[in-house]
Ligand code: E4P
C-alpha cells in the first residue's frame, strides 16, 4: 500500500519524505488556504515546490465546477509537472472531465467519494484514483471502512485498474484497516502516520535494553 501525506505544509511533507516511506501528496483547496497560498501564481509555485520534495504523485484540485473550466485548469496543472494528478470533484461535469482527461492521458483523482456507486462511475470514466472519505463518513455515523471494503470488492470483481485512495484519515487505525480492506493508497495527515510508530511496550522494552547495556558496561 502506498503512503501519501494529506497536507500542503512543506515542512510536514519534508518530514514524512525524510522517513523514506512517502509515495505522494494530496492537497485540496482548504489545505492550500490553511497554508496561506493565494492566487494562481502562488498556487502553481507551491505545487512545484511540493513536486520538488517528493518523488511521487501530487494531487492538485481544480476549483472550477463546470466541464470547460475543469478542463482548462486541469490541463494547466498537468502541464506543470509530470507528477501532478488532477483532482476532480465527484459531480456530473467532473465525471465528464475525468473521461476527457483519460482520453488525453492525463491522470486524475476523483475526490469527495462517499458511496460505491460514485466510485464505480469514476472508475468507469477512467479515474487513476478514487478518494473515499472515510473520516467524514465516520463523523456522521456511517462506516468509512465498510465503504473501502465494498469498493475494493467491486473493483476486483470488475477488474478496474482505478486505485482506491483512502482519504480523510483521522487516526492510525484507519491506516491499518485501509490496508486490511484493500485500499491501494492512504492519504493521511502527518500525526496519524507518526502514531503508527508508537507502542508503550516498544518504549519500555527499549528503555530496559539500554539500562541493561549501561549496567553491563559500567
Ligand atoms: C484528500 O484528498 C482529502 O481532501 C482529505 O483527505 C480530506 O480530509 P478531511 O476530511 O480531514 O478534511
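Within region 125-158, restricting attention to residues that are assigned to a loop (DSSP other than H, G, I, E, B) and out of contact with any strand residue (DSSP E or B) (no Cβ under 7 Å at 6 or more places or on another chain), the residue that is surrounded by the fewest Cβ atoms within 10 Å (Cβ to Cβ) is 141. A single member of 179, 195 is surrounded by fewer than 17 Cβ atoms within 10 Å (Cβ to Cβ), in contact (Cβ under 8 Å) with a residue 60 or more places away in the chain and either more than 12 Å from the ligand (Cβ to nearest atom) or closer than 28 Å to residue 82 by Cα (or both), and it is 179.
Among the conditions (1) free of Cβ contacts under 8 Å to residues at least 40 places away in the same chain; (2) near the ligand (Cβ under 10 Å from one of its atoms), the only one that residue 188 does not satisfy is (1). Check whether at least one residue in region 51-72 is within 16 Å of the ligand (Cβ to nearest atom) and part of a helix (DSSP H, G or I), and report yes or no. Scanning region 51-72, I find no residue that is within 16 Å of the ligand (Cβ to nearest atom) and part of a helix (DSSP H, G or I), so the answer is no. All conditions in (1) in contact with a helix residue (DSSP H, G or I) (Cβ under 9 Å, 6 or more places away or on another chain); (2) outside any helix (DSSP H, G or I); (3) within 16 Å of the ligand (Cβ to nearest atom) hold for residue 21, with the sole exception of (3). Residue 141 versus (1) over 14 Å from residue 119 (Cα atoms); (2) more than 16 Å from the ligand (Cβ to nearest atom): which is the lone unmet condition? Answer for residue 141: the failing condition is (2). Filter region 62-83 down to the residues that are over 16 Å from residue 104 (Cβ atoms) and in contact (Cβ under 8 Å) with a residue 24 or more places away in the chain, then identify the one that is farthest from the chain's Cα centre (by Cα). Looking at the filtered set, the residue picked out is 66.
A short reminder: the numbers here are calculations on the coordinates, not readings from a lab. Remember, it's a predicted structure, so these values are computed and weren't measured experimentally. Note: ideal-geometry Cβ built from the backbone for every residue, glycine included; neighbour counts use all protein chains shown.
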